[in-house]
1. Would you mind finding the longest exposed-site-free stretch of the chain, with exposed GluC sites (Glu not before Pro) meaning DSSP loop and at most 16 other Cβ atoms within 10 Å?
2. For segment 414-520, run through the chymotrypsin sites (Phe, Trp or Tyr not before Pro) and keep only the ones in DSSP coil with at most 16 other Cβ atoms within 10 Å of their Cβ.
3. Check each of the trypsin sites (Lys or Arg not before Pro) in segment 15-49 and keep only those in coil by DSSP with at most 12 other C-beta atoms within 10 angstrom; list them in order.
4. For Ala278, what charge total do you get from the other residues with a beta carbon under 10 Å from its beta carbon, if Lys and Arg give +1 and Asp and Glu give -1?
5. Using the Cβ atoms and a cut-off under 13 Å, what net charge is assigned to the surroundings of Ile155, where Lys and Arg are +1 and Asp and Glu are -1?
6. Give the separation of the Cα centroids, segment 358-410 to segment 161-180, in Å.
7. Taking 7 Å along the Cα-to-C-beta vector as the label spot, tell me the Arg397-Arg60 distance in nanometres, rounded to one decimal.
8. Please give the length that would be gained between Ala405 and Asp183 if that part of the chain were fully extended, namely 0.36 nm times their separation in residues minus their C-alpha to C-alpha distance (nm, one decimal).
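The numbers here are math on the coordinates, done by the rules we state, and not lab data. Keep in mind the model is a prediction, meaning the values are calculated, not measured. Counting neighbours? That spans all protein chains shown, and the Cβs are built from the backbone with ideal geometry, glycine included.
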Amino acid sequence: MRSGRRRERVLKVSRISGNAAQALEKFRELARRIRQYEEILGVVYWDMRTGAPRKGIGHRSEAVGALSDEVFRLMVSDEMGELLAALTEEETLRELGRIDRRLVEEMKKEYDRKKKIPPELNREYVVLTTKAEAVWEEAKARSDFASFAPYLEQIVDYTRRFVELWGVKGTPYDTLLDLYEPDLTVADCDRLFGELKARLVPLLEAIMDSPHQPDTSFLKGTFDAGAQKRFSLFILREMGFDFEGGRLDESVHPFAIGLGPGDVRITTRYLPDDVVSALFGTIHEGGHALYEQNFAPELAGTHLADGASMAVHESQSRLWENMVGRSLAFWRRYFPVLKNHFPGAFEGVTPEAFYRAINVVRPSLIRIEADELTYNLHIMIRYELEKKLFNEGLSVRDLPEAWNAAYRETLGVEPRSDGEGVLQDVHWSGGAFGYFPSYSLGNMYAAQIMRAARRHLPDLDGLIEAGKLLPLKEWLTEHVHRHGKLLRPAELIRAISGEPLGSACLCDYLETKYREIYRL
Ligand code: ZN
């Protein structure tokens with residue numbers, strides 16, 4: 001009944017006529033063209049990362065630059081400005097259907113954001129970050145922060161100028177957070193992360209003191225890449241990934257990309273000495289892909305065919321990777337299948353022992369290798385440092401020392417070099433400040449969404465153990481996927497769980513899981 005009413009409003013056509021109707025038609029057309037160009041850029045991006053000949057990359061990058069300029073030009077064009085002005089007149093806006101109204105709202109936000117940056121400044125910034133990424137890669141390999149620092153200093157300066165041009169709401173870092181998680185404030189984030197830390201740090205200490213440490217020896221060995229691929233494809237199929245509308249390829253850094261309805265691609269990387277790395281990577285990207293494959297058809301070809309936010313998108317990958325893929329129910333069903341793919345590799349290992357091994361908790365230096373629990377602490381460290389950079393005047397020069405101190409205090413480990421410390425992530429070289437919190441917020445969304453799913457699918461573990469993953473996928477499609485960007489993140493999580501985003505579900509989930517594994 002509720003969802004029926006909602007659908008009716010989704011489809012409600014805009015009740016406008018005359019000039020406003022014409023403006024709407026032109027606006028839809030312009031937005032559609034921008035979207036089409038972006039989809040083409042996506043195809044080229046995918047190609048460049050999955051096997052385009054190295055020699056051709058330089059030339060191709062120029063075409064990417066030209067088309068990106070065109071997208072930017074259309075986005076900030078006078079035509080776009082006039083159409084948005086006409087459509088955001090109060091009377092007109094009120095009469096727009098839900099999809100049109102939300103699309104106007106999103107495009108207006110993007111238009112304002114882009115329009116406020118002088119084109120010259122933007123061009124300089126693009127050149128700077130392109131160079132910086134190459135410099136960062138070198139610097140990381142040589143553990144040489146000093147060579148990267150001047151670039152990072154400039155990127156931080158540009159970002160500070162952008163924040164001023166966009167307009168500071170609250171603190172400068174609030175403005176940056178809003179780029180990735182609309183409406184989320186530093187105060188919200190401080191509270192959520194504070195609560196998380198207060199419960200996870202004691203849990204981590206108890207885990208470290210537990211005499212019941214999992215045996216992980218059988219996770220390392222030699223695992224045929226072909227068999228890994230077959231098993232990964234099998235699991236994707238079980239999750240309900242649509243191979244008619246998607247594909248799985250290989251790349252150094254795994255990613256998922258939606259190129260439009262009927263074309264959603266993911267990549268993974270097979271490590272010959274690690275049986276689970278590619279698998280969990282595939283499940284993670286598969287979770288992103290299920291989101292992209294199941295937007296409502298009415299949203300196709302619009303900018304609303306996208307995740308509600310970065311963190312909500314991340315919730316879908318993490319829900320599948322961790323809450324399903326690292327669950328005991330999952331491995332009770334799929335461990336025998338895994339064993340069949342690698343004859344002789346897991347003699348005498350039970351599903352329970354395998355489950356404990358893949359959930360081992362160890363404070364470590366590298367974020368992307370971290371377990372489900374300490375991962376959040378890696379994120380909080382970055383969040384605090386970014387906040388200090390933009391709100392408290394921390395200088396780039398002092399960043400390595402601040403980084404090392406934070407790792408010492410929070411995780412009890414200290415990098416031996418900046419390569420495994422402050423230089424480990426690509427994000428800052430591209431100016432992506434405010435992005436990191438999305439990962440932990442994604443875990444919080446995932447736990448809250450999963451709790452709601454369990455209310456509707458009371459025997460979810462039983463279903464998973466029986467190899468029935470589709471009821472969960474269908475529930476997620478109904479409550480998360482199909483909405484795309486039509487609902488704001490806060491509206492979405494309230495509609496699903498009846499509450500705003502909180503940290504409690506994630507803490508409860510982690511405590512329950514690890515108390516059992518470590519017998520606390
Ligand atoms: Zn992800």
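1. Values: sites that count: Glu89, Glu347, Glu392.
Here the longest run is 90-346.
2. Details: sites: Trp428, Phe433, Tyr435, Tyr439, Tyr445, Trp475, Tyr509, Tyr514, Tyr518; in loops: Phe433, Tyr435, Tyr518.
Here no chymotrypsin sites (Phe, Trp or Tyr not before Pro) fit, given the DSSP loop and packing criteria.
3. Numbers: sites: Arg15, Lys26, Arg28, Arg32, Arg33, Arg35, Arg49; in loops: Arg15.
Here the sparse-neighbourhood loop sites are Arg15.
4. Numbers: positive: Lys229, Arg269; negative: Glu250, Asp274.
With Lys, Arg at +1 and Asp, Glu at -1, the net is 0.
5. Details: positive: Lys131, Arg160, Arg161; negative: Glu124, Glu133, Glu153, Asp157, Glu386.
With Lys, Arg at +1 and Asp, Glu at -1, the neighbours total -2.
6. That distance is 22 Å.
7. 4.2
8. 76.8 nm
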